[in-house]
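Contents: one structure, followed by commentary.
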Amino acid sequence: MSADTGVCCALAVDSRLSAFSRRMFLVVEMVDTVRIPPWNFHRQLNEAVAEELNKKLANKVVYNVGLCICLYDITKLEDSYIFPGDGASHTKVHFRYVVFHPFLDEILVGKIKYCSQEGVYVTLGFFDDILIPPESLQQPAKFDEAEQVWVWEYETDEGTHDLYMDQGEEIRFRVVDELFLDTSPTGPTTDPEPPANSSTAPTAATDDSAQKKEAPYTLMASISEPGLGLLSWWSS
């Protein structure tokens, strides 16, 4: 499962991260107004709010915060209001949420998802947008077009050995950079209309690259150090 391509931005996020942090996960303080529909009024407010927060945030990226995993706890519920024309209640909620946001230079272990000319793509199982570019691989490296894998040309006194970075192999890497992209809707574009007598036929299908969704949160990684790379390289 990869991160949802939507970025949640309508949240007040405290810039001070909680003291609680375990490796690649953090607990972040947030504030949001939660809408509870009338058919959930019979439930405890805390339970209804927790469910709505997880529906809204779980597996979503909050810009400059990270990938939301699950609700940690609710710290404060303010007064609830019902507005004219809307039978639901609206409650301002202060809460803490577990997010995936590794720090720079943190070393993680994942699996190779696939390779391309752009580099080696790595997955953690719940997060797929990790890229090791060619210049950050063990050097010298080459891309095998036939096998569609990167190869470390490991030099020894006996000659050069090709060490293949196959799909599914466990790999240890260092986080060196992060890229957040605001993919919130921006509204329709206003392209000029063609002349009424134009004989140009409309395009039947758009380019695949234009349809491809861009990742809202990407980690850039490196394995260009001793001990980094496939675990099998260093197991013996």
Is one or more of the residues making up segment 88-95 of a type outside the set (Phe, Trp, Tyr), open to solvent by less than 10 Å² (accessible area, probe 1.4 Å) and in a loop (DSSP other than H, G, I, E, B)?
yes
Taking interchain pairs and intrachain pairs at least six residues apart, which have beta carbon atoms under 9 angstrom, with the first residue in segment 38-50 and within 13 Å of Phe95 (Cα to Cα) and the second outside any helix (DSSP H, G or I) and among the polar types (S, T, N, Q)?
Val49/Thr91
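Taking the criterion of being open to solvent by 30 Å² or more (accessible area, probe 1.4 Å), under 15 Å from the mean Cα position of the chain (by Cα) and within 19 Å of Leu179 (Cβ to Cβ), would at least one residue in segment 66-84 satisfy it?
Checking segment 66-84: not a single residue is open to solvent by 30 Å² or more (accessible area, probe 1.4 Å), under 15 Å from the mean Cα position of the chain (by Cα) and within 19 Å of Leu179 (Cβ to Cβ).
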For segment 161-205, which residues satisfy the criterion of being modelled with pLDDT under 90, hydroxyl-bearing (Ser, Thr, Tyr) and surrounded by 10 or more Cβ atoms within 10 Å (Cβ to Cβ)?
Thr183, Ser184
State the number of residues belonging to segment 119-160 that are surrounded by 13 or more Cβ atoms within 10 Å (Cβ to Cβ) and among the small types (Gly, Ala, Ser).
3
For segment 58-66, state whether one or more residues are within 30 Å of Val31 (Cβ to Cβ), basic (Lys, Arg), in contact (Cβ under 8 Å) with a residue 12 or more places away in the chain and out of contact with any Phe, Trp or Tyr (no Cβ under 9 Å at 6 or more places or on another chain).
yes
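Per-residue answers, yes or no, for (1) assigned to a helix (DSSP H, G or I); (2) of a type in the set (Phe, Trp, Tyr); (3) within 18 Å of the chain's Cα centre (by Cα); (4) at pLDDT 90 or above:
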position	(1), (2), (3), (4)
Ala3	no, no, yes, no
Leu17	no, no, no, no
Met30	no, no, no, yes
Arg35	no, no, no, yes
Glu51	yes, no, no, yes
Taking segment 62-87 and keeping residues more than 18 Å from Ala50 (Cα to Cα) and either in a strand (DSSP E or B) or of a type in the set (Gly, Ala, Ser) (or both) leaves Gly66, Ile82, Gly85, Gly87
Do the conditions hold for Ser209, that is, is it modelled with pLDDT under 95, among the polar types (S, T, N, Q) and either open to solvent by less than 80 Å² (accessible area, probe 1.4 Å) or not in a helix (DSSP H, G or I) (or both)?
no
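The values are calculated or read from the model by the stated rules, or taken from the named source; none is laboratory data. A quick note: this is a predicted structure, and the numbers were derived from the prediction, not measured. Neighbour counts run over all protein chains shown; Cβ positions are idealised from the backbone, glycine included. To get the accessible areas, we keep the full protein, side chains included, count just its heavy atoms, and leave off ligands, DNA and RNA. Shrake-Rupley method; radii C 1.70, N 1.55, O 1.52, S 1.80 Å.
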